[in-house]
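J.: The following block contains the structure, expressed as structure tokens.
The values are calculated or read from the model by the stated rules, or taken from the named source; none is laboratory data. This structure is a prediction, so every number in the text was calculated from the model and none was measured. Because the Cβ atoms are built from the backbone with ideal geometry, glycine has one as well, and the counts that use them run over all protein chains shown. Note: areas computed on protein heavy atoms with side chains; ligands, DNA, RNA excluded. Shrake-Rupley method; radii C 1.70, N 1.55, O 1.52, S 1.80 Å.
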Amino acid sequence: MRITQRAIATTSLQGLNRNLEAIGKLQEQLTSGKTINKPSDDPTGTNAAMQTRQELAGATQYARNISDGLGALNTTDSTLQNMIAQVHTVRDRTLTGMNTGGMSEAARAAVAAEVSGLRESLLGLANTVVQGHPIFGGVTSGTRAYDPATGGYVGFRPPVGPLENTVMVNRQVSESDSIRVDITGQEAFGVTSAAGVVPATRDLFAIVGDIAAHVVSDPDLLDADLAALDEALNGMLKAATDIGTRTTRMETAKQVNTDLQLTLTSRSADIENVDLAKTIMNLNMQQTGYEAALSATAKAIQPSLLDFLR
Amino acid sequence: MSTFSGLTTANRALWAQQRALDVTGQNIANVNTPGYSRQRAELQSIGGNAVPAMYAVSNQVGQGVDADKVIRIRDAFLEARAQTEGAGTAALTVADDTLAQIEQAFREPGTTGIQAKLTAVYTAWGDVANHPNDQTTDGARTAVLQTTASLVAEVRTTSANLDAQWTRTRDSLDAVEQDVNAKLTSIAELNTAIKRATQAGLPVNELADKRDGLVLELATAIGATSSPGDHGQVNVVVSGATLVSGGQATGLKVLGGLEQASAATDKPRFITDPGGTAVAVAGTAGGKITALTDTIPRYQLQLDGVARKIAAEFNGAHEGGYDKTGAKGQPMFDGGAGTSTTDPVTGAVTVDLTKVTAASLNLRITQPERLAAATVGPGPTSDGSNATKIAQLQNATSGAASSYRQLIVTLGIEASVATSGLATQKVINSQVDASRESVSGVNLDEEMTNMLQFQHAYSAAARLITTIDETLDVLINRTGRVGL
């Protein structure tokens, strides 16, 4: 092949351009810190990067759901524990009231007053509100689960069907898993049946109210009240256990979520972020190549026969 | 054989070497001129009389040298290849450029593109699921409205970017048209000049170089090829349509819609003017036509599909729920005015999804309490399970997020194929260029050597004259003068 000066110049220039382009590309990666700056840099990597970003955003959201859910569960748990302690007190006072032989009228009235006070306190706890929402109210849009005056349940009632049809408040804790974070007043404290329904049932507040009344008026009925109270107490303990179990599930989900976030973050970094050592190394190699090409070009272009003719 | 024929031979030699030296000078002067083909003085020996006539005197020796012709050294086959490869490179460059600009319009992967905005919407719905009934501020619901508005703006901006790119490309076609027509006219004029000069026996090498350079530029611009005509002229052809025939040029004209919408039916195209025959151009113009009729509209269409999917997905889920007031959820998105109808009796709103495009995507819901977070209804509740359902849509296998991702991956693959295709084509092109340069380029070393050769030959011819002069001197001045 016949080689001309212009051909050498053109080829050299092309080579230099290619070298510089490679350096520019590496420089871009180093300064942006990303290996993928546009989809065509790595189409499959782009897909993985976008998917990972989305999963990471999802995982962060699940983490928020979990901590929110844990907050709700913990509040419910401590409220239930408080109430259980108070119900124990009510039980003690009931036993005292059943001791018909050794009590004066005044003592009975005192017990009745104390039990009434405890009922108020229990109702107050049952109306505990978190961020404007009553924790025992189901999905009610109101601010109370129980009417403080009558003690009747005013929270959300399923439109039809038994208690199992209750609308649950759930928190999505992972792509596939959600955990219930509430318990309705009816589930925790029992249901007061409507008039005429057999067998008639009472909820906790009705029982405690009845106890306060019966201590003064008809101590003989206290036996049945005590049995009902024990049943209600059992229900509350069951509810507390239920909440505890769910809290444990939530804690596990939190751990899983933390691990998932870590994995996703590192995967995202693997896909998108620059391997500094490797890139700097490549850049140095490319720079050396570029300098070599420059000096070779300078030497190749210079001489011609002209330099040797007189 | 006359007495002075040796002098004539020497004189011819002097003249021929002088001419060769001139050509060498021209070559050296144009060593860096683009498109210059090196020239060579064609030295030819002049023979003696092959068929002696009666009374002719011939000593059977030739009559010296002749340097009448100066030729351009170039390879027609390589020039044709340069035209083809130049057109290919130009078309691929435009394709690569178009896709790179589309990539810029989408700005993925990143934190400012549609995907990030879409994810923010899903996340906001997740927050609503946690607190659907915030009594005081409705903060989570407001966040949904704001992130959704931002998503809509992003989809519209991306669509507008694609549209602007289309319009820019369409405008540049007019510039191509003017440029091509000017070149066609120049080629025809040069053809005429070359024809006249050839007929008059004048040198046409520089004119031909200039014209061939223009033809090569036309090859890049519209994929033109040339074929040799009479008297050193060339004919320029684009996909079967002859644009320059000798001294006659036929222009090109761009037709087709100036807006992307009108161009869907009235596609941008080139026709001959006059004549009106459709011309399938290649090169830069061909690349731009492909961008206008295929590449950009294709991605616009896919983006419209994503917008439609967003509308369908959110509308479907939203209509399945109840808002804060306990009323049935309404469609979240429509395609602007006139794309939704309200039933006069039930008040139910129906959105014509086929009319939803990326440019017209519109958020219908403006009040936070109208967001349907509950599945329980009618009647107000603090249920957030519909919000959860909407937030979970981000994992749907054929949802908006995944179809958008598919769009980006398709774009990435197409762009990376175009880039590597262009790189390959550039290598081929540079090889062809190198081959052309190898044939037609000026090598200074070679010219120097030639210069020495011609210089020596000139000296030798001069010496011949001196020698003949001395010989004649002996013959004329000294002969017969013995004893004088």
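J.: For B:Lys324, go through the lysines and keep the ones whose alpha-carbon is under 21 Å away, minus same-chain ones fewer than eight residues off.
T.: Within the straight-line cut-off, B:Lys324 pairs with B:Lys389.
J.: Within 10 Å of each Cβ in peptide B:410-421, how many partner chain Cβ atoms are there on average? Round it to a whole number, please.
T.: Details: counts 2, 5, 11, 6, 3, 5, 7, 2, 1, 2, 1, 0.
Mean partner-chain Cβ count within 10 Å for B:410-421: 4.
J.: I would also like to ask the following. Between A:Val197 and A:Gln261, with labels modelled 7 Å along Cα→Cβ, what's the label distance in nm to one decimal, could you check?
T.: About 4.4 nm separates the two model spin labels.
J.: What figure, in Å² to the nearest 10, do you get for the accessible area of A:Thr35 with a 1.4 Å probe and non-protein molecules left out?
T.: Around 40 Å² of this residue is reachable by solvent.
J.: How long are the semi-axes of the ellipsoid equivalent to region A:34-165, from square roots of 5 times the Cα gyration tensor eigenvalues, in whole Å, largest first?
T.: Working: eigenvalues 605, 52, 25 Å².
Semi-axes from the Cα gyration tensor: 55, 16, 11 Å.
J.: Let me ask you something else. Using heavy-atom solvent-accessible surface (probe 1.4 Å) with all chains present, what is the largest-first order of A:Lys299, A:Lys38?
T.: On the way: A:Lys299 150, A:Lys38 70 Å².
Order by accessible area, largest first: A:Lys299, A:Lys38.
J.: Describe numerically, in nm with one decimal, the distance between label points set 7 Å from Cα along Cα→Cβ at A:Glu251 and at B:Thr192.
T.: Result for the modelled spin labels: 9.7 nm.
J.: Further question on the same structure: So if R0 is 35 Å, what FRET efficiency would B:Thr341 and A:Thr60 give, r being the distance between their Cβ atoms, rounded to the nearest 0.05? Write out the running numbers ahead of the final one.
T.: Working: r = 40 Å, r/R0 = 1.13.
The value I calculate is 0.35.
J.: So how much accessible surface do A and B hide from each other in total, probe 1.4 Å, in square angstrom to the nearest 100?
T.: On the way: alone 17890 and 24400 Å², together 37960 Å².
For A against B, buried area totals roughly 4300 Å².
J.: Cα-based Rg of region B:76-209 per 2.2 N^0.38 Å, rounded to two decimals?
T.: Values: Rg = 29.0 Å, N = 134, 2.2 N^0.38 = 14.1 Å.
For region B:76-209, the normalised Cα radius of gyration is 2.05.
J.: Keeping all protein chains in place, calculate the accessible area per residue for the protein assembly as shown (probe 1.4 angstrom), answer in Å².
T.: Numbers: 37960 Å² over 794 residues.
Per residue, the protein assembly as shown has 48 Å² of solvent-accessible surface.
J.: With a 1.4 Å probe on protein heavy atoms only, tell me which residues of region A:1-37 lose at least 40 Å² of accessible surface in the complex relative to the chain by itself.
T.: A:Met1, A:Arg2, A:Thr4, A:Gln5, A:Arg6
J.: Over all residues in B:395-403, what is the mean tally of Cβ atoms on other chains that come within 10 Å of each residue's Cβ? Please report the intermediate quantities before stating the final value.
T.: On the way: counts 5, 0, 0, 0, 0, 0, 3, 3, 0.
The mean count of partner-chain Cβ atoms within 10 Å per residue comes to 1.
J.: Same structure, new question: Tell me, rounded to the nearest percent, the portion of alpha carbon pairs in chain A spaced more than 24 Å apart.
T.: Details: 33112 of 47895 pairs.
When every Cα pair of chain A is considered, 69 percent fall beyond 24 Å.
J.: Next up: So what is the calculated 222 nm ellipticity per residue for chain B, using -39500 (n - 2.57) for each DSSP H run with n of 4 or more, over all residues, to the nearest 500 deg cm²/dmol? Don't jump to the answer; show the numbers that get you there.
T.: Numbers: 11 runs with 268 residues, N = 484.
Computed ellipticity for chain B at 222 nm equals -19500 deg cm²/dmol.
J.: Can I ask one more? With r defined as the distance between the Cβ atoms of B:Ala264 and B:Ala348 and R0 fixed at 51 Å, what FRET efficiency is calculated, to the nearest 0.05? Please report the intermediate quantities before stating the final value.
T.: On the way: r = 33 Å, r/R0 = 0.65.
Calculated transfer efficiency: 0.95.
J.: Something else: For region A:6-67, state the semi-axes of the equivalent ellipsoid (square roots of 5 times the eigenvalues of the alpha-carbon gyration tensor), sorted largest first and rounded to whole angstrom. All intermediate terms of the calculation are to be shown ahead of the outcome.
T.: Values: eigenvalues 372, 25, 4 Å².
Value: 43, 11, 4 Å, ordered largest first.
J.: So what is the relative contact order of chain B, in percent, for Cα pairs below 8 Å that sit 6 or more residues apart?
T.: Values: 788 pairs, mean separation 105.4, N = 484.
Here the relative contact order equals 22 percent.
J.: How crowded by other chains is B:434-442, given as the mean number of beta carbons from other chains within 10 Å of each beta carbon? Before the final figure, lay out the partial values.
T.: Working: counts 7, 3, 1, 11, 5, 3, 3, 8, 3.
Across the residues of B:434-442, the mean count of other-chain Cβ atoms within 10 Å is 5.
J.: So if we plug the beta-carbon distance of B:Gln367 and A:Val130 into 1/(1 + (r/R0)^6) with R0 = 22 Å, what FRET efficiency do we get, rounded to 0.05? Mind dumping the intermediate values first?
T.: Working: r = 25 Å, r/R0 = 1.15.
Once the sixth-power term is evaluated, E becomes 0.30.
J.: At 1.4 Å probe size, with the rest of the protein present, what percent of the exposed accessible area of region A:188-285 is carbon and sulfur atoms? All intermediate terms of the calculation are to be shown ahead of the outcome.
T.: Values: 3270 of 5360 Å².
So the carbon and sulfur contribution to the accessible surface is 61 percent.
J.: Looking at the calculated P(r) for region B:207-329, what percent of the C-alpha pair distances fall above 20 Å?
T.: 60
J.: Moving to a separate point now. Can you sort B:His231, B:His318 by solvent-accessible area, 1.4 Å probe, largest first? Write out the running numbers ahead of the final one.
T.: Details: B:His231 85, B:His318 0 Å².
Of B:His231, B:His318, the descending order of accessible area is B:His231, B:His318.
J.: To continue, here is another question. Compute the distance in nm between two label points, each set 7 Å from the Cα along the Cα-to-Cβ direction, one at A:Arg91 and one at B:Arg478.
T.: 15.7
J.: So what is the relative contact order for region B:368-471, in percent, with contacts set as C-alpha pairs under 8 Å and at least six apart? Walk me through the numbers before you get to the answer.
T.: Details: 25 pairs, mean separation 10.0, N = 104.
Rounded, it is 10 percent for region B:368-471.
J.: Arrange the residues B:Tyr404, B:Tyr36 by how much accessible surface each exposes, largest first, with a 1.4 angstrom probe.
T.: Working: B:Tyr404 0, B:Tyr36 25 Å².
If we order B:Tyr404, B:Tyr36 from most to least accessible, we get B:Tyr36, B:Tyr404.
J.: Follow-up question, since we're still on this one. Given the Cα atoms of region A:17-109, and with Rh set as the inverse mean 1/r over their pairs in the Kirkwood sense, what is Rg to Rh to two decimals? Before the final figure, lay out each step's value.
T.: On the way: Rg = 34.0 Å, Rh = 20.2 Å.
For region A:17-109, the value is 1.68.
J.: Same structure, new question: At q = 0.15, 0.17 Å⁻¹, what is the log10 ratio I(q)/I(0) for region B:350-484, with the Debye formula run over Cα points and no solvent?
T.: -1.04, -1.14
J.: Another question about this same structure. Would you compute the Debye intensity of region B:384-455 from its alpha-carbon atoms alone, equal scatterers and no solvent, and pass along log10 I(q)/I(0) at q = 0.13, 0.15, 0.19, 0.24 Å⁻¹ to two decimals?
T.: -0.69, -0.76, -0.88, -1.01
J.: Going by alpha carbons, how many degrees (0 to 90, nearest 10) lie between the helix axis of A:43-98 and the longest principal axis of chain A?
T.: It works out to around 20 degrees.
J.: So if the hydrodynamic radius of the protein assembly as shown is defined as the Kirkwood radius over C-alpha pairs, what does Stokes-Einstein give as its diffusion coefficient at 25 °C and 0.890 mPa s, in µm² per second? Mind showing how you got there, number by number?
T.: Details: Rh = 35.5 Å.
Estimated via Stokes-Einstein, D reaches 69 µm²/s.
J.: Just need the Rg to Rh number for region B:291-360, please, alpha carbons only, Kirkwood Rh. Working shown, then result.
T.: Working: Rg = 14.8 Å, Rh = 13.3 Å.
That ratio is 1.11, to two decimals.
J.: Separate question: Enter the angle in degrees (range 0 to 90, nearest 10) between the Cα long axis of helix A:276-301 and the first principal axis of the Cα atoms of chain A, meaning the one along which they spread out most.
T.: Between the helix axis and the principal axis of chain A, the angle is about 20 degrees.
J.: Given a cut-off of under 8 Å on Cα pairs at least six residues apart, what relative contact order in percent is computed for region A:189-310? Please report the intermediate quantities before stating the final value.
T.: On the way: 39 pairs, mean separation 17.7, N = 122.
Taking the mean separation of contacting Cα pairs over the length of region A:189-310, I get 15 percent.
J.: Quote the Stokes-Einstein diffusion coefficient, in whole µm² s⁻¹, for chain B, based on the Kirkwood radius over alpha carbon pairs, a temperature of 20 °C and a viscosity of 1.002 mPa s. Write out the running numbers ahead of the final one.
T.: Values: Rh = 29.3 Å.
Taking Rh from Cα pairs, D becomes 73 µm²/s.
J.: When we measure straight from the Cα of B:Lys288, which aspartates and glutamates land under 13 angstrom away, once same-chain ones fewer than 8 places off are left out?
T.: Filter leaves B:Asp96, B:Asp97, B:Asp171, B:Asp174, B:Glu177.
J.: Leaving ligands, DNA and RNA out of it, report the carbon-plus-sulfur percent of the accessible area of chain B at a 1.4 Å probe.
T.: Taking all protein chains in place, chain B shows 56 percent carbon and sulfur surface.
J.: Ok, one more. Kindly express, to the nearest 10 degrees and within the range 0 to 90, the angle between helix A:204-217's C-alpha long axis and the longest C-alpha principal axis of chain A.
T.: The angle comes out at about 20 degrees.
J.: In addition: Starting from the Cα of B:Lys117, draw a straight line to each of the lysines and keep only those under 18 Å, dropping any in the same chain fewer than 8 residues away.
T.: A:Lys38, B:Lys309
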